[in-house]
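Student: Pasting a structure here, questions to come.
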Amino acid sequence: MPGLNNRVIIIGAGMGGLCAALKLALAGVEVTVLEGGHRPGGKLREQHQGDQSFYTGPTVLTMPWVFEEIFAEAGTSFRERVTLHSPDILARHAWSRDERLDLFGDHERSAQAIAEFAGPTEADGFRRFAAHAKRVYEALDHPFIRSPQPTPITIFARFGWSGLSELMRIKAIFTLWQALGQYFKDPRLKQLFGRYATYVGASPYRAPATLMLVADVESRGVFAVESGIHRLPEALAALAEEKGVTFRYGARVQEIVVERGSARGVLLADGERLDADAVICNADAAALGAGLFGEQVRDAVAPIPAAKRSHSVVTWNLVARPEGFPMQFHNVFFPPDYRAEFKAVFDDLRLPRDPTVYICAQDRGNPNAAPPSAPERLLLVVNAPARGDTESIPEAEIRRCESSVMALLDHCGLTLADSREIAVTTPAHFEQAYPASGGAVFGRVNHGWWGSFDRPGTVTKVPGLYTAGGSVHPGPGIPMASISGRLAADKVLADLGVT
């Protein structure tokens, strides 16, 4: 039973740390969350200028059932505390002024749109693709996503010899690009669905085909959060406080204390020591391997070589008035040479000459509201190599990339009138925010069939020290990082003997 000796410290108030804190508190554990910043959210960061906030990280929520479960366990309703909006159009995609394709949560509507865009054969390919994506998600949900430390052996144990055919059917050993070729002949559609690899910071030419499960996840809803994405961690932190969690903001951890071979607390930058029975590290896992939390825990997780990092991004926050293109909340603009983009990022280690451009029209998240008439907030994102710890992208290169971005938008019919730049964020900025990451906003890259098992798991090599967050299993993204926190809390409770 929980008692006075069950104390847990969580480093970082990202989504993993928040979900771990709430679950532990509900079990009666004394929890303190130490956050170096001044608000919860981790990579759900925002830029602020005056009374306006601008996205720089994740822009939408998927898998809301993860949070409905979390809030229900705490005796409250997620939907009463966080208002979600589900736009009719998941995303608008463009290759030129005359080549546009919308995807919808309803797969049949998407199939009809694809038929008009690329013909009935491609629409049938999409239907088969969507059915396969559902099979992949259902096959991997519990044995992989919700498993604290999956390995090929545990996956095999889950399926057994009779299940090998199922593993083959979900194309686990194929790359995403190879698998897409079995459903689509139109290169534009392979570009579109290959983009799922970038959701985990990978190349579609190297990422595993199992990432097709994203299509099934998105069909179940892609949601914008009323008042901004940051409302989600704020609601979680408020609920955790109600359940007894202590939050200390502006508290920077200098060292994780190890005594008698186990993590026993932390030492803060101001010299204060806090004791605990267990520590959950919700910082980027690379920081542990780099020794940023002390030499005693350097070997807790394997270091992440620069070559194993996911990609980073360059972002522009603008206030502008879009003209000539019917903007949606999500908009993606594709260049003609997709392969060159990922060669630049992962092989040449430079900004792509002609990158894919994602634009979140932040003020269009509520489908029931009228479209903005005045200049609106826009987040523009392109992929970049994660080398923010060793080099800074020259200003001239940033501006060259910006010119390429604007040229692609113009090619697709979009002009950003009266544009005012608020901020530019580069891999070096992300490295500063998440030390030792190099700016890799998705942690270790998911390349090859083994890549899915290559991330640090919940348990580290130091007893009493656990990990959570988007840089560890089951991976990046708001719901996955949140699941990682719950997995960490489950393991802590088991090791503490708390029922």
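Student: Can you put LEU318, LEU44, LEU22, LEU288 in order, fewest other beta carbons within 10 Å first? Kindly include the intermediate steps, with their values, before the conclusion.
Tutor: Values: LEU318 21, LEU44 24, LEU22 28, LEU288 31.
Arranged by neighbour count, lowest to highest, LEU318, LEU44, LEU22, LEU288 become LEU318, LEU44, LEU22, LEU288.
Student: Binning at 20 angstrom from zero up to the longest distance, how are the C-alpha pair distances of the chain distributed in percent?
Tutor: All Cα pairs, binned at 20 Å, distribute as 24, 58, 18, 0 percent.
Student: Pick out, in residue order, every one of the GluC sites (Glu not before Pro) in the range 183-258 that is DSSP loop and has at most 15 other C-beta atoms within 10 Å; say none if there are none.
Tutor: Numbers: sites: GLU218, GLU226, GLU234, GLU241, GLU242, GLU255; in loops: GLU226.
Passing both the DSSP loop test and the Cβ count: GLU226.
Student: Okay, next question. Ranked by Cβ crowding within 10 angstrom, fewest neighbours first, how are ARG146, ARG7, ARG455 ordered?
Tutor: Numbers: ARG146 15, ARG7 18, ARG455 25.
Listed from fewest to most nearby Cβ atoms, that is ARG146, ARG7, ARG455.
Student: Run down the aspartates and glutamates and flag those whose C-alpha is under 20 Å from the C-alpha of LYS243, throwing out any fewer than 8 positions away in its chain.
Tutor: The qualifying aspartates and glutamates are GLU30, GLU35, GLU68, GLU69, GLU73, GLU80, GLU234, ASP277, ASP490.
Student: Here is a follow-up. Taking only the alpha carbons of the range 271-428, what extent do you get along each of the three principal axes, in Å, biggest first?
Tutor: 58, 39, 24
Student: Using modelled backbone amide H atoms (1.01 Å from N, in-plane), which distant-in-sequence or interchain residues come within less than 5 Å of PHE174's amide H?
Tutor: Close amide H contacts, sequence-distant or interchain: ALA209.
Student: Hey, can you list the DSSP H helices of the chain whose Cα span along the axis is 18 Å or longer and whose average Kyte-Doolittle score is at least 0.0? Don't skip to the end; give the middle numbers.
Tutor: Details: long enough: 120-140 (30 Å, -0.60); 395-411 (24 Å, -0.21); 478-496 (27 Å, 0.77).
Helices meeting the span and hydropathy rule in the chain are 478-496.
Student: Going by C-beta contacts inside 10 Å, put TYR199, TYR434, TYR55 in order with the fewest on the left. Present the calculation step by step, with values, prior to reporting the outcome.
Tutor: On the way: TYR199 19, TYR434 26, TYR55 22.
So the residues, fewest neighbours to most, are TYR199, TYR55, TYR434.
Student: So for the range 365-447, what are the equivalent ellipsoid semi-axes in whole Å, largest first, each being the square root of 5 times an eigenvalue of the Cα gyration tensor? The partial results should precede the final answer.
Tutor: Working: eigenvalues 162, 60, 33 Å².
Taking √(5λ) for each Cα gyration eigenvalue gives 29, 17, 13 Å.
Just so you know, all these numbers are worked out from the coordinates, no wet-lab data involved. Everything numeric in this text was worked out from a predicted model, so none of it was measured. Because the Cβ atoms are built from the backbone with ideal geometry, glycine has one as well, and the counts that use them run over all protein chains shown.
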